[in-house]
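Report on the structure given below.
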Amino acid sequence: MSFDEPDTTFLDAKKEIEKAPVRSVTKKILVKMLLKLPAWRDIQAEFGVEMAAHYRALLDSIYLVEETKSIVEVAKEFDQELGNGKKYIALVKRYAPDITFMGAKKKSKSATVRPLTKQIIERIVLDMPLSHVVCDDFGVESADHYRALQEYIFAATEEKSLDEVAKELDQALGNGKKLTALVKKYTPEHTVTFSTVWDELQW
């Protein structure tokens, strides 16, 4: 089954997941991920995902498991590992052997960041378009700016938790110089310069 397009098969899979005999959080996460919708808070709380690399590994493993099993079986398998760090790590590592998960059914303390910062991280990680407001506040004026921020997020989350990256990015919101410095720090090959609407309003 391919999930590249929202066809009838895609919608059927969503219905199957919703009817599966698994916990509601498992249904919620699987449906969101298969529809490529943001699910960071849910996944962080229940599946121990702390980095963008973890998210990609989880998504890949769901697709790969689904190639040999029904979507209901996939839901059951992931539901059994929910909250069990060791079993969950083993499940995902079959498909992404280099990824390390903390895995735990406990809430992680989220960094206190503004909604726009959470939004830009969610949408960039999922390769989705940004709103005009987000573009204005983070100085995303072109595809090059988007790619630079995307690569910064992926590179930074290889070294620190997503919460730390979110806090770091939030501190640069509205400040073109700080955004440019952040990108150059983790992806020096990018030469784009960021300028936000807030920079223009300062005098």
Checklist (1) modelled with pLDDT under 60; (2) outside any helix (DSSP H, G or I) applied to LYS69, failing item: (1)
Here are GLU168, GLU158, GLU151: which of them is surrounded by fewer than 15 Cβ atoms within 10 Å (Cβ to Cβ) and under 19 Å from the mean Cα position of the chain (by Cα)? GLU158
The one condition ALA90 fails out of (1) at pLDDT below 60; (2) more than 20 Å from the chain's Cα centre (by Cα); (3) among the hydrophobic types (A, V, I, L, M, F, W, C) is (1)
Would you please list the contacts, defined by Cβ atoms under 8 Å and residues six or more apart or on different chains, that run from a residue in region 131-145 that is part of a loop (DSSP other than H, G, I, E, B) to a residue that is among the acidic types (Asp, Glu)? GLY139/ASP199
Quick one: PHE194 ticks every box in (1) assigned to a helix (DSSP H, G or I); (2) at pLDDT 95 or above except a single one, so which number is it? (1)
When residues of region 124-144 are limited to those that are touching a Leu at 6+ places or on another chain (Cβ under 9 Å) and closer than 16 Å to GLY176 by Cα, the one surrounded by the most Cβ atoms within 10 Å (Cβ to Cβ): PHE138
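The values are calculated or read from the model by the stated rules, or taken from the named source; none is laboratory data. Predicted model only: the values in this text are computed from it and were never measured. Here the Cβ is made from the backbone with ideal geometry for all residues, glycine too, and neighbour counts use every protein chain on show.
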